[in-house]
Structures are given as structure tokens and as C-alpha cells.
Amino acid sequence: MPRFWTNPEFVRHRRAELRPVRAVTVAVVVLVMCVLLGLACWSYEQNLLENAQRGAETFATQAWQDRLDRMQRDFAPIIWLLFYRWLVGLQGVALTFWTLFSCAQSVSGERDRKTWDFQRTTRLTSTEILIGKILGEPILVYFAVLCAAPVTLIAGLAGGLSFGTVISVFVFLASTSLFLGFGGMWLSTLLESRTRGVGLIGALALYGFTLASYGLRESGLPGLAAMSPLIAIIDLVLGKVPGPFHFTPVLFGHEVSWLLMNLLLCGSFSAWLALMLIRNLKRDYPDIRPLSRWQAVGCAAFLNFLIYALLSPGRFGDTLSGTVRGGQFPDAKSVAVFAVAINGLILFLMGLATLTPQERLKVWRRKLSAGESAVFADDGLPWPWLGISAVVAYAMMIWGLLAWDHALPLDSGTLQAAAIRLLLVAVFVTRDVLFLQWCILTRLRQPVVKGVLFLGLYYAAAAVLTALATISSEESGRWVLALLTPVQVFDPRIHGMAFPPATYVGLLVQMGIIGTVLAAITNRLQRPLRIGAAA
Amino acid sequence: MIELLGLRKEFENVLAVDDLNLKISKGEIFGLIGPNGAGKTTTIRMACGLLAPTQGRALANGIDVAREPERAQQYIGYLSDFFAVYEDLKVWEYLDYFAHAYKMPEAEIPARITEVIAQVNLEVKRDAMIRGLSRGMKQRLGIARAIIHRPQVMLLDEPASGLDPKARLELRSLLLGLRDQGATILISSHILTELEGFCTSIGIMEKGRMVRSGSIAEVTAAATTSRLVRLTWAGDSLAVAQEKLAGDPRVSEVNLTTGAGTFRFSGAEEDLATVLGSLVEAKVQVTSFGEAKQTVEELYMKLSTHEVM
């Protein structure tokens, strides 16, 4: 990010958004809001103090008098702390929300205004455009936060917080908003003008997920909560308050600070998003492919690594340290089952990221027929790479479970059963991803979105069929579930390798379906081209 | 110089451009003609790096546009049929943005902005907000953007389609000025009169293929097996003229009325002089005699329907 202030894209945003009159107006509004907020906090605390004074006069007990003395002594710091918390809360929400939504409309907005092609034909590299947009699009909110920063700093210090804590909160919010900015930018590259509404829903979902990740403090992966800006607003400001409400993230079982965890997670996720953006920013819309095949395998490995690095095995209520850690993994088997389930999602996402555009797939097919390409080529079908990702995920599982062997003793049966589970999940995911690849070859508009909706309908129908079959007998319900979905392998009643026959029959049925989808894809790829431009 | 080598583009089930080979030399203005859907826009978008070709390469000044896009872009100026601009900037800020985006030397930028603003007659609007400009002014600003970095290759996709007649003339003289400075220009249009007397060579595209290309003289020669000759004369020599022309085996389609007419001549240009000589010898008082040059429009109509005479 060297000399970002001379980046033409950043300068453009600065000029457009921060003209002197507007900048002065924003600064004045922010300062007035700070004053009003300060007065409101003072008024609130004054009210409490007056109540305490009335209580002390009315009841005339030592307890009331002590309370009154304490309030009078800490009156100023309490007001400052309250003021600080309000300031941080408002800035946190404004910064993260504004950054996400302004970035989520950046590229799609340029496409809409038809200025994007002109920017793509300049000498700016994808990296320069990315830096300019990430720092430039939300420049107004950055400026507003900058205006409020001195007041916030003073309020925090006067409220009794250390300089380090105040800076930590700022760094935390900056890192989260940058991550959300990258996420928003990625969403905006995926959208054309007619799908901008979908993009805004996506941005809302991303924001909701980021905020809601706060609840993961109590899960088996408590570190994931470090993505939430609420951690900065609540936990960092509260500091280490002893008691049952204090949660700390762990990295390989060692407690780390929320700030460090936030920097690790937001930094690494932002890096993956930046990689996808740099690869694709200057590409034409139909040529967008988030990751290369090897990058997708790397991403799957990284996400698997995170599972085991952030894992917090079940240790509730550590009375010695007076802290509570989340944790829902009583044994290695539960970790393995959880990892398989998460890998279903990871493999599906990797499949989505590596779908091949129709044009490239047709060229690959022709080259393959001529012996000039291979099944594992970057422009080929995604299934071989899903297989590789699944193998990598299994290797990571072996490593992860062995690493946690001291806390969660591992037996070989767990790994063997996990292999069967992962195989079944990978087969189902491969079927679904190949179905999406087939959708791309049809004439559907927005084929991936529609394909995902079709898959959603399929799984909803499978749930209804299972419920209907269960009415006649539980065994029939199990068979339907096993034939149509991979859910059955997560049945807690399965011990060791004792999978029911329906599991293996379901596996064979799905392999047959995969073969059929592959044949349908080949058929589509062999259709002759019509002559004449379509652009 | 622009080179398109075996360029091919497929969209879903459609072959938009098929094995296109083209070389446009320095200082040449090449007009790409064809009906809507012929593949002109796709070709230009591939040539300027906006679209990745399915196969083949596009070179600008010898640099592969797909492989070294940032290096190639310093030589390319791209103008399309829409003139989208950043409405929230001032005129000079807009040009300053693109000058920096094209990585021009910092010291040159202020003078270049002044120069380009003068070229497109926007001096009085230099400090005005773009959102306050008229449509025509925005179009001129778009042209200024395309030439701010002194491109040696101009790729113009139907650039005049939204321009008023005055702006068209200004664009034309601007492009001729660039050509005189050594720029190579590829311009697509289906308004054929726009290219008349302006292009040094043309290419006719249909269904993704280049039907014919070359200098206008070459294309005309290739499209014509006989010349259309127009003549006028004074006095009452209709019968004599008809008799003389009918007696020449190289003459056909004689269509004469009182004092004027046309015929087709299948010989070489110098042989045409002998026809004139025979008419003069026969006391026909010829007042004008010459080959009727075909317009680009006529050429296109012949070639696009494969009606080669």
C-alpha cells in the first residue's frame, strides 16, 4: 500500500467525496454530535447521581452513603467512560456498515454508469484499483471517524482506559472494516446492474454474519467471534472482567488476545479476498473465476487448518482462572464429524469458486479431444480438484486430530469412519457442483444463482420425502435420507464403521448420477456453434 | 501499429469472431464496416484488452494486449459509443485522473490537460463540475480522455453514433490530426458516410469473418470487374455515341439519354482513353468523361451481399 494517497483512484474519490465545503460540514456535524452525546451522557449520570443523593437523604443508611460517595468520586470518569463507549459504538457501526455497503456498490456501480470499461483500459493494475477503491469508496466515513478520533481518545483516557486499549479498539475496528470492505468489493465484482439488489442482500447477510459471529464466543471455535465488531465495542472496552461472562479465544489451545485473533482472521480472510479481486478485477464479467485450481486447494487447506487451530475442546467453567472458554467437543469423534460437516460446505464453496466458464470449458474439451490438454487442466471440469481438496482435507484432519491427541485421545476407528463420511460428503458435493457446471452450459440467465436455488429445492423436497417415508417406518425414512442426502452419515447412533447398507447404496446411486451429469455436460460441450456475434 | 492474429471469440453457443487476421500499419485509418452483430465491437474490445480472446492474439505496437495489458494500454486510446464520465468531478480533475491512471510523467500532466481541453474546445468549462455539462460537452470530454496520454493506437467503436453533426466534424478533424502525428486508428461504424474520404483502408465484417479488407482502391478493384463510366456531351450526338460504344466489345450496359449517360467498361484504366478518343474522333462533343467512383456505401452493399460484379 505504498503512497496510497497518490493512487489516482483514491485521489478521485477524495476529490469527489471530500470537497472543502462537504469536509467542513462533516467535521462540524461530527463535533456537534460529540457535544450532544457528551451532554446526554452527563445528563444521564447526573440523573443517577441525583437519585442516589435522594436515596441517601431518604434512607440515610451507610450503604446508600457509600454508594453516593463512590458515585461522586468517580463521577467524571464514569461519564467519560460512558461517553467513550457510545462514541466507539456509533463509530464501529458507522465504519463497518458504511465500508461494506460503499464497497459493495463500487464495481457494480461503475458497471452501471458504464465507466468501468474506461478504468479497465488504463494502466492501473488490479492492485492499484483495489487499493484506491478500498480506501477511497468509504472515505467520507473514514474522515468522520478521524474527526471524532481525538474526542474518542480523550474520552477513553479520561474514562480510565489505557492508551493501549483505546488504540486496540481503533485497530480492531479498522481491521474488521477493511475485511468487510474486501468482502463488499468481491460481492460488487460478482454483480451486474440487474443483480445489484441481490448484492445488497448479500452484503446485509455478510454484515449480519459478522455481527452474529459474536455468539460464537461460546462455541467450539470461539476465536471466530473475533470477526465481530461487537467484540471491540463490548469486550475490549469492558476489559478483563472476572466472572462467567468473560470469554477468550484460543489458538492451538493457548489463550490469545481478541485483537491478535481479529488481526489473524480478518488479515487472512482479507488476503484471500484480495487474491480473488486482484485475479479478477480487470477481467470481463463472464471470465471471472475467483480462484485457480491450486489456489482453491490451498484455500480448502487453510480453512481446515483454521478448524484445528481455533478449536477449543470442551472445558466449561475453568474455576482456577475464573474464566470460561467455549467448547463443544468432548472427544475426537465429535471433532471429526464436525470437520466432515464443515468440509461439505468448504468443498461446495471451492466448487463454486472453480466453476469453468462455458467458453473455456469448450476450448478445454476440444483440446482434450486433440490430446493437447488433460483432465486436471485449469480450464477443465472441477471434479478432479474437488477430489484433491477432499484428500487434502482428510490429511489435515489426520494432522489436526493427532495434534489434539493430548486433549482428545484419538483411535484409528475415528479416522476410518471419518474417511467414509468425508467420501460420501465429497461425492454429494461433486454431484451438486457438476450440476451447477451443467447449469452454466445451459441458456439460463444467472445460471449459478438459479442452480443453487434448484439445489435448495432439491434438498427441501428430500426432507419432505424423508418425512413422508418415516410415517410408514423409521427404516424407510433412513433409506430415503441416505439415498437422497449425505445427512445420514452424521447420525449419532452410528458407531465406528457400522454404517447401514443404505449409506453404501446411496453412495453408488450418487456416483451413477455423477456419471449421468458428466454425460449431459459432454453432450452440451459437443453442440456446434452458431455463427454470428452475440455481444 | 495494430495486429490481430487468428483472433477468435466464442460466446456460449455463438461464434462471434472467427479467425480474424488484420494488420494496420502506422499512420493508417482503418474502417471496420459491417451490420449489427457482425463482430465489430467484439473485435475492438479484444483489441483493447477488455475481452479475452478464445484464441489468437491482439498486438498494439507489438505488445500482446492480453499478456501485458498495463504495458499495452499506454499506447491505446479507446473510445466507445457511450461517453460515460464521472459526474462528481470537475473537468480538469477528470482528465487529471486519467492522465495519472495512464501513468504520464507528473511534470507533463498540467500542460497536457490544458492542451487537450483546448483541442476539444472546453477551455471555459475547465473548472466546471461535469454534472453541469451538456451532453455534447460530455462527449467532447470523453474524447479528451481517450487522447490525454497521446495514444499511438486509437480504437474507436462507433464513436460518432451519439454525436451531433458539428461534433462529428470536430471528431473527424481531431482524428485526422492524430493520424498526421503518426497514430494508427481502427474505427468501426455502420454509418458509412462517416468513413467516406476519411479511412485509408477498410475491412468488411460479416458473421464474425472479414469478408474483404485492404486499401479502398484495392477493395474497389477486388469488388469490381468492370468500371462504371459517366459521360456528358453537347449537341445532338446520341446516335453516334451509341453506335461507337456499341461497336466496342469491352463496353456493356450502355445507357445513354440526351446529352448524358453511363456505360460499363471492362478494360484497364488506360484503355478507357481510347474509348474517349474514338468518341471525339466521331465528332461527339464530349464535355465530361470519367469513371464513377464507388462510395464506401456502394462497395459495402455489394460485398456484404457477396454481389461482386
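The values are calculated or read from the model by the stated rules, or taken from the named source; none is laboratory data. This is a predicted model, so every value here is computed, not measured. As a convention, Cβ positions derive from the backbone with ideal geometry for all residues, glycine included, and neighbour counts pool all protein chains shown.
So the values come out like this:
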{"read-out": "Any hit, segment A:54-61, residues being within 28 Å of A:THR165 (Cα to Cα) and not acidic (Asp, Glu)", "value": "no"}
{"read-out": "Filter result for B:GLY6 (outside any helix (DSSP H, G or I) and either crowded, with 16+ Cβ neighbours inside 10 Å or at the interface with chain A (Cβ under 7 Å from one of its Cβ atoms) (or both))", "value": "no"}
{"read-out": "Residue in segment B:167-176 that is among the acidic types (Asp, Glu) and closer than 18 Å to B:GLU115 by Cα present", "value": "yes"}
{"read-out": "Matching residues in segment B:247-270 - criterion: being over 33 Å from the mean Cα position of the chain (by Cα) and among the charged types (D, E, K, R)", "value": "B:ASP248, B:ARG250"}
{"read-out": "Counted residues, segment B:9-28 - those being outside any strand (DSSP E or B), surrounded by fewer than 18 Cβ atoms within 10 Å (Cβ to Cβ) and within 15 Å of the chain's Cα centre (by Cα)", "value": "3"}
{"read-out": "Number of the exception - B:VAL120 against (1) in contact with a strand residue (DSSP E or B) (Cβ under 9 Å, 6 or more places away or on another chain); (2) crowded, with 23+ Cβ neighbours inside 10 Å; (3) aliphatic (A, V, I, L, M)", "value": "(1)"}
{"read-out": "Residues of segment A:492-535 classified as of a type in the set (D, E, K, R) and in contact (Cβ under 8 Å) with a residue 12 or more places away in the chain, total", "value": "1"}
{"read-out": "Restricting segment B:70-84 to residues that are facing chain A (nearest Cβ under 7 Å) and not polar (S, T, N, Q), the residue that is farthest from B:GLY27 (Cα to Cα)", "value": "B:ALA84"}
{"read-out": "Residue list for segment B:86-102, restricted to those being more than 7 Å from chain A (Cβ to nearest Cβ) and part of a loop (DSSP other than H, G, I, E, B)", "value": "B:GLU87"}
{"read-out": "Qualifying positions in segment B:29-44 - part of a loop (DSSP other than H, G, I, E, B) and crowded, with 24+ Cβ neighbours inside 10 Å", "value": "B:GLY34, B:ALA38, B:GLY39"}
{"read-out": "B:ARG112 away from chain A (no Cβ under 11 Å) and either touching a residue at least 24 places away in the same chain (Cβ under 8 Å) or not in a loop (DSSP other than H, G, I, E, B) (or both)", "value": "yes"}
{"read-out": "Residues (surrounded by 13 or more Cβ atoms within 10 Å (Cβ to Cβ) and either at pLDDT 95 or above or polar (S, T, N, Q) (or both)) located in segment A:47-69", "value": "A:GLN53, A:GLN65"}
{"read-out": "Given (1) farther than 16 Å from A:GLY89 by Cα; (2) crowded, with 21+ Cβ neighbours inside 10 Å, index of the condition A:GLY156 fails", "value": "(1)"}
{"read-out": "Search result, residues across segment A:12-21 that are closer than 14 Å to A:ILE139 by Cα and without any contact (Cβ under 8 Å) to a residue 40 or more places away in the chain", "value": "A:ARG15, A:ALA16, A:ARG19, A:PRO20"}
